[in-house]
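Notes follow once the structure below has been shown.
The values are calculated or read from the model by the stated rules, or taken from the named source; none is laboratory data. Predicted model only: the values in this text are computed from it and were never measured. When we count neighbours, we look across all protein chains shown, and the Cβ atoms used for this are built from the backbone with ideal geometry, even at glycine.
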Amino acid sequence: MANGLSLECQICGFVGFDDGFDGFFYCQRCGSQADEIRDTAVDNDDMILTKENAGFTVQRRNLAVKPEPVSQSQPLSQFWETLRNQADDDAEAGDGVGPTEPADFGSGPKPLRYEDYYSEIRMRYVMGIQIMIELQIKALVEQFNVCPIVVGMVEPIWLRFLASTKLFSDDWADEAINESESQVQGVTEGVGVRSKHNSEPHNVLGKRCVMLWYQSVSKRIPVSYSLVISFLACHLAREPILSTDIIKWTLEGKLPYFAAFVEIDKQIGPPTNACPLSSNRMFRPIEVIPVQKLESLAASLAQSLGLELPPVNFYAIASRYLKQLSLPVNIILPHACRIYEWSMPPELWLSANEFRLPTRAFILSILIVSIRILYNIHGFGKWEMSLSHAAKRNDGKKSKVNNSDELSEPCSSESDVDDSASEPYNKQPQQSNLDATEILVLLQSKYNELHDTSDFGKDLESYLEYCKDVVFAGVKLSLEDLEEDNITEDLWRFYQRKEDHQPSASCFLSPSSPHKRPRDHSQSKPTKKPKDDTKDSHKEREIRRIKSDMEENKFCYIPPRKRVKKHDYLHYTRRKGDGAYVYAAHADYYILLRSCARVAHLDVRSMHVAVMCFERRLDWLEKNIQHSVKQMPCNEDCQLCHDDNDGNSVEFSKLNL
């Protein structure tokens, strides 16, 4: 039959059909199919087609391919098994020539090659780290309300970092072997190879190449870099996630790190012959990365990848710290944002210097300066005066200064502000209902509550669950002992019954309890206090206590200022004595300082150094601004509003803005 037909298409009117070589003919213009015309393999002379005797109907050819849903993709372990089988089939197929030498029927599996070992180790390790990062990002989004945008941001960071390691270069495996052999100096005798590792490749010293390649890949991509990449993605997304949060959630097991190897083993499968190392060996870290090192590693990683980092999200982090301190957010935060915008300290950017103070220290430094300016905390003895008032209230008078619970309620209600406000910096500051005395008393009373405790340390049940899921994750009995499991369940049920029937503390405190032993009359008499304690007042005891706390942190107590000549901002300095720096400060400033240091998980002295550094920057800016204003030329006129030569003056009311 001819390759084409000169028939008119009923769809588009074009004359001409092409043979599709599948038994059908299709229009040359629109591609519609003629259903009633078939290629019957009959000679053209036996059947002549004309317009009169050829009736047909047309149908468009559907070229669309139905896509497969992504959710039905096979697991990674099955995917890798498919790739291995495909590679084996390709290897068996060869070049199409066929077998060139006789082979035994029913022979065993093909021995692994040199390339199979390092390719399998490299791929399993890289995919394991990638799965760990995915688990961490998933936990951050689902459990800690991180914006889902980090899911799309972490992928390019990970891929660019993976490319920078040059782990997939052709000579990586040989370089790792040569490096292990070059580290040994002089003539050495090779170590004997164990019988069960005879099939594996070894270097000239007798060391297993499998372990050498694993050490090389884990050195280029440490397991701790999963936390670094997750933290860097949150920082680029402007999320108020600090390095202390990442480490805290990691230690608590809320962020998959210590027990992530269990899920990794489920996805990549058990060890293979080419990679005999278990997931427990490859992906279970021994210790967590230090908090200070996490920021420096994230900064150095971004610097090596050429990423331009933004500063930390000051507004969100500062409002979060104010809520932790139970301080009014609507009053303090607008002033702090103005100072931040005016000064823009470079310390709010991540630094690759591990020994630099962290960014959270300078965020709280801005808050400390703002609070001192707003509440005039400059060594006037506000806290000492509150102690005198507290002694008078012991006679039965009530005051809101000493009632920290009443103070915290309005502060917490005012601090319930949406951190995602569209214009946080343009909010007008409100007038404070609290004075400096109330703020200091509140911080003093809330200081012990600011200590952050882990969730698994609250009770025994939480601790046992933490040990089961994190500390001893993946640990199972070598032999299935049903009796031991039953004993464990019986002990656990016994503990729960004991907790349920445990009497409350009120039973022991109630004087009408029938099980309470009668008190001895001799014990009902009040014990005599030492003479020194009776003479000391409540104020003196509290001052001695704050002095003792200041001395432990190398601070020197300064009495309140009496003859005040200037009411300006008071700068504190340090002096060197007995081989160490001694910091002199008033009690008002120290109470504010140590509360901020506790919420930031910093030493009080480090917090004080950050405050002094920021104060020096503000002082330098004020002096240079005054100098720059004096040096500015005043004879330059603006072309828009001071051009007298131009007759067409510009009026802002006529501008189409």
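The selection criterion, being under 20 Å from Pro328 (Cα atoms) and at pLDDT 50 or above, holds for Leu450.
Helices (runs of 4 or more DSSP H) fully within region 252-364 that include at least 2 residues being surrounded by fewer than 23 Cβ atoms within 10 Å (Cβ to Cβ) and under 17 Å from the mean Cα position of the chain (by Cα): 291-305, 314-324.
Of all the residues in region 328-354, those that are closer than 16 Å to Ile371 by Cα, in contact with a Ser or Thr (Cβ under 8 Å, 6 or more places away or on another chain) and either free of Cβ contacts under 8 Å to residues at least 60 places away in the same chain or among the acidic types (Asp, Glu) (or both) number 2. Going by the structure shown, is Glu175 of a type outside the set (S, T, N, Q), surrounded by fewer than 17 Cβ atoms within 10 Å (Cβ to Cβ) and at pLDDT 85 or above? Spelling it out, Glu175 is indeed of a type outside the set (S, T, N, Q), surrounded by fewer than 17 Cβ atoms within 10 Å (Cβ to Cβ) and at pLDDT 85 or above. Residues that are buried (at least 19 other Cβ atoms within 10 Å of the Cβ), under 24 Å from the mean Cα position of the chain (by Cα) and at pLDDT 90 or above do occur in region 366-376, at least one of them. Being modelled with pLDDT under 80 and closer than 24 Å to Val217 by Cβ is the requirement here; does Ala103 meet it? No. Scanning region 572-619 for residues that are on the phi < 0 side of the Ramachandran plot, outside the structural domain of Trp383 (by TED's automatic domain parsing) and in a loop (DSSP other than H, G, I, E, B) gives Tyr572, Thr573.
Looking only at region 269-290, how many residues end up being of a type in the set (A, V, I, L, M, F, W, C) and over 25 Å from Gln143 (Cα atoms)? Of the residues in region 269-290, 4 are of a type in the set (A, V, I, L, M, F, W, C) and over 25 Å from Gln143 (Cα atoms). Could you tell me whether region 416-437 includes any residue that is at pLDDT 75 or above and among the hydrophobic types (A, V, I, L, M, F, W, C)? Yes: region 416-437 contains one or more residues that are at pLDDT 75 or above and among the hydrophobic types (A, V, I, L, M, F, W, C). Mind listing just one residue for me: the one in region 217-251 that is assigned to a loop (DSSP other than H, G, I, E, B) and among the β-branched types (Val, Ile, Thr) and, of those, surrounded by the most Cβ atoms within 10 Å (Cβ to Cβ)? Result: Ile241. Filter region 442-461 for residues that are touching a residue at least 60 places away in the same chain (Cβ under 8 Å) and surrounded by fewer than 16 Cβ atoms within 10 Å (Cβ to Cβ); which is nearest to Asp588 (Cα to Cα)? It comes out as Tyr447.
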